[in-house]
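Peer 1: My structure is below; once you've seen it, I'll send some questions.
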Amino acid sequence: MSLEDAFADGPAFIPYLAAGDPDYESSLEYVEALERGGADIIELGLPFSEPIAEGPTIQNAVVRSLEGGMTPTRFFEFVEDLDVSVPLVCMTYYNLIYRYGESEAQGTSDASSAERSSADCRAAEPRDDGEAASKGPRPFVEKAASVGIEGLVVPDLPAEESGPLREACDEFGLDLVFIVAPTTRGERLERMMEQVSGYVYVQARLGTTGAQTDVSDQTGASLDRLAGYDVPKAVGFGISSGEHAERIVRSGADGIIVGSALVDIVAQGHERGTDPEAVADRLESLARELKDGAVAGTSQRPPHPERT
Amino acid sequence: MSTDGKFGDYGGQYVPEALMPAIEELEDAYERYVLGNEDGFMDEFRTRLREFGGRPTPLQRADRLSERYDREVYLKREDLVHGGAHKLNNALGQVLLAKYMGKDRIIAETGAGQHGTATAMACAHLDVPCEIYMGERDINRQRPNVFRMKLNGSEVNPVTVGRGTLKEAISETMRDWATNVEDTHYVIGSVVGPHPFPSMVRDFQSVISEEARTQAREKMGRLPDSVLACAGGGSNTMGAFAEFVDDDETALYAVEAGGSTLDVDEEAGVAPNSASLTTGSEGILHGARTTILQDHDGQIMESHSISSGLDYAGVGPELAYLVDTGRVTAVNVGDDDALTAFHRLSQMEGIIPALETAHAFGYLERVAGPDATGEHDGLGEFVVVNVSGRGDKDLESAIEETYERDIDIAPNMDEFTGGL
């Protein structure tokens, strides 16, 4: 099933979890619980050490996951081990995509410690990155496609720098989801909408990710700016309850993206040493609340001209 | 020089979408005010640098070092800029630019605290509210600088994520910017980050080499054979090099922090050095493609240096490019040699340098000193060393580190520590 198809039967519920948080096995269970709770697409975070777009909740998830041994290679195994049928989107930062496959290319050069043993007697040698650098994002995208990932979200890659990744995604049939911020307008919006596929991630408010007690009113304005574009609009950043989900869908969203509120459950379970099964149940139940909220939002939606 | 934000393959704008409009706005302001001197921006900047900042700084002959190394050694005295480091050149420029842009809130990150104090001074001087993000570990290493920022009326926000140093402080400042982008300007402290920061910070800092170039001609009747500057993110480096880049007769040496060793512990994700130019590889960090310390997956490694101002896992994209093209030679000096150089300059020239700066002098000693290792001495007969900052901020850690390390040239540390 393609990403866009996931929006065909009513509003799509798109939960996010960091893969491997807090450990590989529990995380598999948690992601599967999201599907049982009604997920239509699942965003899986591949943790990067410098997550500049994330608030504290997901920063901590990234730390747990990295400490649990998550790497890009493990991430692809994780995706293969997952028993879910909904489409998966990988959310990660560009350096991991850009560097994937470099270790093979560089061979043992990183480990040539013998020659580097003295900090005091070595000048820079020309780096032998030429060939490796030219590979760019292609190996990552090829691998992602081969394990069944349907799309990518890359929070630190604006449309201006996305050419090589867009090309690789086209070659291997992946969607490239872009984030539209409340500050994205005019020409920038147009440029981005030329490149986007799958769905557009509408950032509900300025700032970083994180559960909020209220939903921003910037969402409606963003959705209005996007009304003319024929691509599903999923709203994220701050949604934490069924009631939020309902309101967001009522204001015109085609889907909702929820991360931090779910990650909070994982974090709590980890801190309190809760049995993973109980954590999975809690995830499933919040997932269901969010999905039900989103569906309720459609039924109350004021009649408005359908997208053509 | 580049105006499209690319230096070869390096540079660019790898930032969250929410920041892009602010970055485009900044690009526009950079072109109009800095490059185009619109509304007399550059004139006002130069006047304030002179009157508030104390510029121009001298190019001073170091008599005893000249004798020791048997050549003409001159010091570009950026330690005499108000605040005690070159950092004010950039901070004053950016805070003034923010005012021209109508931004009414300033945020900045700081590692050693030098950029934070410079920004805090500039903000007090220009009457703009200011918040500084600083890693918790750095706050503990640099107490006096924290007090200075607060005395100038800035708020200091501790960053507790990760190891609590410069890398985390930059990430956290970017998050603040992404939240408050409409009324806030982020005064980045080095020639790093997304375009236009690397070019703009270089332009504000290039007053160093502009002055040095003229002063060298006045004093020696010619350009120097070499210029040495320490390199962390690279702002004093690019400032000291910028106007010499087209002078083929002048060799340029960027001296990185070799830390305790150039070995890398991939398992632990730790590089016990900050030598991105020497040991790093190409990647994307904090908005730019450049040379960074990363593991084979692309995760950023924790860096190390005795000097917190050099302790960063990346380096400015233009500097990385100039090293790749061979115009700049990257070398490195470890913690011990830097500390020894710190004491030597203090004793021989009456200048207590910042630990960052001491790295540049450590290199001079290594290739030209009495125990020269035989490493190629390409420095020539007329050497300019950029004294990027003074060492008052480092006294506590320098004393502690010296005590632990048993540095030959150092005075008896018991006098300072009471034997600890």
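The values are calculated or read from the model by the stated rules, or taken from the named source; none is laboratory data. Computed from a predicted structure; not experimentally measured. Note that each Cβ is placed from the backbone with ideal geometry, even for glycine, and that neighbours are counted across all protein chains shown. Remember, those area values only see protein heavy atoms, side chains included, never the ligands or the DNA or RNA. Shrake-Rupley method; radii C 1.70, N 1.55, O 1.52, S 1.80 Å.
Peer 1: It is to be established whether one or more residues within the stretch B:233-255 are open to solvent by less than 10 Å² (accessible area, probe 1.4 Å), among the polar types (S, T, N, Q), within 13 Å of chain A (Cβ to nearest Cβ) and outside any loop (DSSP other than H, G, I, E, B).
Peer 2: The answer is no; no qualifying residue exists.
Peer 1: Ok, one more. Collect the residues in the stretch B:182-196 that are open to solvent by less than 10 Å² (accessible area, probe 1.4 Å) and out of contact with any strand residue (DSSP E or B) (no Cβ under 8 Å at 6 or more places or on another chain), keeping them in residue-number order.
Peer 2: Selection gives B:Val191, B:Pro196.
Peer 1: What residue, of B:Arg217, B:Arg213, is among the basic types (Lys, Arg), farther than 28 Å from B:Glu31 by Cα and either within 14 Å of chain A (Cβ to nearest Cβ) or surrounded by fewer than 22 Cβ atoms within 10 Å (Cβ to Cβ) (or both)?
Peer 2: Details: B:Arg213 fails: farther than 28 Å from B:Glu31 by Cα.
On inspection, the qualifying residue turns out to be B:Arg217.
Peer 1: Could you run through the stretch A:71-92 and say how many residues are open to solvent by less than 10 Å² (accessible area, probe 1.4 Å) and within 13 Å of chain B (Cβ to nearest Cβ)?
Peer 2: 4
Peer 1: Name the residues in the stretch B:175-211 that are among the basic types (Lys, Arg) and in contact with a Pro (Cβ under 8 Å, 6 or more places away or on another chain), would you? Break it down stepwise before answering.
Peer 2: Applying the first criterion (among the basic types (Lys, Arg)) to the stretch B:175-211 yields B:175, B:202.
None - no residue of the stretch B:175-211 is among the basic types (Lys, Arg) and in contact with a Pro (Cβ under 8 Å, 6 or more places away or on another chain), so the list stays empty.
Yes/no matrix, rows are residues, columns are (1) over 27 Å from B:Gly221 (Cβ atoms); (2) under 23 Å from the mean Cα position of the chain (by Cα):
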| position | (1), (2) |
| --- | --- |
| B:Asp39 | yes, no |
| B:Gly53 | yes, yes |
| B:Thr57 | no, yes |
| B:Arg71 | no, no |
| B:Glu78 | no, yes |
| B:Lys87 | yes, yes |
| B:Val95 | yes, yes |
| B:Met101 | yes, no |
| B:Asp104 | yes, no |
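Peer 1: Scan B:Ala330, B:Ala320 and give me the residue that is outside any loop (DSSP other than H, G, I, E, B), touching a strand residue (DSSP E or B) at 6+ places or on another chain (Cβ under 6 Å), under 30 Å from A:Pro137 (Cα atoms) and more than 8 Å from chain A (Cβ to nearest Cβ). Let's see the steps before the verdict.
Peer 2: Values: B:Ala330 fails: more than 8 Å from chain A (Cβ to nearest Cβ).
The match here is B:Ala320.
Peer 1: For the stretch A:15-28, indicate whether the set of residues that are open to solvent by less than 20 Å² (accessible area, probe 1.4 Å), out of contact with any helix residue (DSSP H, G or I) (no Cβ under 7 Å at 6 or more places or on another chain) and of a type in the set (A, V, I, L, M) is non-empty.
Peer 2: no
Listed here are the residues, each with its yes/no results for (1) under 21 Å from A:Asp275 (Cα atoms); (2) among the aromatic types (Phe, Trp, Tyr).
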site: A:Ala8; (1), (2): no, no
site: A:Pro11; (1), (2): no, no
site: A:Glu25; (1), (2): yes, no
site: A:Leu46; (1), (2): no, no
site: A:Pro72; (1), (2): no, no
site: A:Ser85; (1), (2): no, no
site: A:Val89; (1), (2): no, no
site: A:Tyr93; (1), (2): no, yes
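Peer 1: Count, please, the residues in the stretch A:29-38 that happen to be part of a loop (DSSP other than H, G, I, E, B) and either open to solvent by 10 Å² or more (accessible area, probe 1.4 Å) or acidic (Asp, Glu) (or both).
Peer 2: Of the residues in the stretch A:29-38, 1 are part of a loop (DSSP other than H, G, I, E, B) and either open to solvent by 10 Å² or more (accessible area, probe 1.4 Å) or acidic (Asp, Glu) (or both).
Peer 1: Does the stretch B:262-275 include one or more residues that are outside any loop (DSSP other than H, G, I, E, B) and surrounded by 24 or more Cβ atoms within 10 Å (Cβ to Cβ)? Lay out the reasoning, then the answer.
Peer 2: To start, the set of residues in the stretch B:262-275 that are outside any loop (DSSP other than H, G, I, E, B) comprises B:265, B:270.
Filter again for surrounded by 24 or more Cβ atoms within 10 Å (Cβ to Cβ), leaving none.
No, the stretch B:262-275 contains no residue that is outside any loop (DSSP other than H, G, I, E, B) and surrounded by 24 or more Cβ atoms within 10 Å (Cβ to Cβ).
Peer 1: Given (1) within 20 Å of B:Glu302 (Cβ to Cβ); (2) not in a helix (DSSP H, G or I), identify the lone condition not met by A:Phe13.
Peer 2: (1)
Peer 1: Can you tell me how many residues in the stretch B:295-308 are in a strand (DSSP E or B) and within 7 Å of another protein chain (Cβ to nearest Cβ)?
Peer 2: Applying the first criterion (in a strand (DSSP E or B)) to the stretch B:295-308 yields B:300, B:302.
Checking which are within 7 Å of another protein chain (Cβ to nearest Cβ) leaves us with B:300.
Number satisfying all stated conditions: 1.
Peer 1: If you don't mind, there's one more thing I want to ask. Taking the residues in the stretch B:281-294 that are part of a loop (DSSP other than H, G, I, E, B) and at the interface with chain A (Cβ under 8 Å from one of its Cβ atoms) as candidates, determine which candidate is nearest to B:Ala360 (Cα to Cα). Break it down into steps so the answer makes sense when it comes.
Peer 2: Going residue by residue through the stretch B:281-294, those that are part of a loop (DSSP other than H, G, I, E, B) are B:286-287, B:293.
If we keep only those that are at the interface with chain A (Cβ under 8 Å from one of its Cβ atoms) too, we end up with B:286-287.
Details: B:His286: 26, B:Gly287: 28 Å.
Per the criteria, the residue is B:His286.
Peer 1: Please go through the stretch B:8-39 and give me each residue that is at pLDDT 95 or above, open to solvent by 20 Å² or more (accessible area, probe 1.4 Å) and part of a helix (DSSP H, G or I), ordered by number.
Peer 2: Passing the criteria: B:Glu27, B:Asp28, B:Glu31, B:Arg32, B:Leu35, B:Glu38, B:Asp39.
Peer 1: With respect to B:Asp377, is the statement that it is open to solvent by 20 Å² or more (accessible area, probe 1.4 Å), of a type in the set (Asp, Glu) and away from every other protein chain (no Cβ under 11 Å) true?
Peer 2: On the way: open to solvent by 20 Å² or more (accessible area, probe 1.4 Å): yes; of a type in the set (Asp, Glu): yes; away from every other protein chain (no Cβ under 11 Å): yes.
For B:Asp377, the condition - open to solvent by 20 Å² or more (accessible area, probe 1.4 Å), of a type in the set (Asp, Glu) and away from every other protein chain (no Cβ under 11 Å) - is met.
Peer 1: Failed condition for A:Ile265, given (1) among the hydrophobic types (A, V, I, L, M, F, W, C); (2) in contact with a Leu (Cβ under 6 Å, 6 or more places away or on another chain); (3) in contact (Cβ under 8 Å) with a residue 40 or more places away in the chain, with all others met?
Peer 2: Looking at each condition in turn, A:Ile265 falls short on (3).
Peer 1: Going through A:Ala234, A:Ala245 one at a time, which residue ends up being crowded, with 24+ Cβ neighbours inside 10 Å, part of a helix (DSSP H, G or I) and either among the β-branched types (Val, Ile, Thr) or more than 10 Å from chain B (Cβ to nearest Cβ) (or both)? Let's see the steps before the verdict.
Peer 2: Working: A:Ala234 fails: part of a helix (DSSP H, G or I).
So the residue among A:Ala234, A:Ala245 that is crowded, with 24+ Cβ neighbours inside 10 Å, part of a helix (DSSP H, G or I) and either among the β-branched types (Val, Ile, Thr) or more than 10 Å from chain B (Cβ to nearest Cβ) (or both) is A:Ala245.
Peer 1: Hey, can you tell me all the residues within the stretch B:162-181 that are of a type in the set (Val, Ile, Thr), open to solvent by less than 50 Å² (accessible area, probe 1.4 Å) and at the interface with chain A (Cβ under 7 Å from one of its Cβ atoms)? Reasoning before the result, please.
Peer 2: Applying the first criterion (of a type in the set (Val, Ile, Thr)) to the stretch B:162-181 yields B:165, B:170, B:173, B:179, B:181.
Checking the rest, the ones that are also open to solvent by less than 50 Å² (accessible area, probe 1.4 Å) come to B:165, B:170, B:173, B:181.
If the condition is that a residue be of a type in the set (Val, Ile, Thr), open to solvent by less than 50 Å² (accessible area, probe 1.4 Å) and at the interface with chain A (Cβ under 7 Å from one of its Cβ atoms), then B:Val181 is the only one that fits.
Peer 1: Tell me which residues, restricted to the stretch A:192-221, are modelled with pLDDT of 90 or more and of a type in the set (D, E, K, R).
Peer 2: A:Glu194
Peer 1: Hey, can you tell me all the residues within the stretch B:138-161 that are in contact (Cβ under 8 Å) with a residue 24 or more places away in the chain, assigned to a loop (DSSP other than H, G, I, E, B) and within 12 Å of chain A (Cβ to nearest Cβ)?
Peer 2: Result: B:Thr160, single match.
Peer 1: Can you tell me which of A:Gly252, A:Gly173 is crowded, with 19+ Cβ neighbours inside 10 Å, touching a helix residue (DSSP H, G or I) at 6+ places or on another chain (Cβ under 7 Å) and at pLDDT 90 or above?
Peer 2: Working: A:Gly173 fails: crowded, with 19+ Cβ neighbours inside 10 Å.
Being crowded, with 19+ Cβ neighbours inside 10 Å, touching a helix residue (DSSP H, G or I) at 6+ places or on another chain (Cβ under 7 Å) and at pLDDT 90 or above holds for just one of A:Gly252, A:Gly173, which is A:Gly252.
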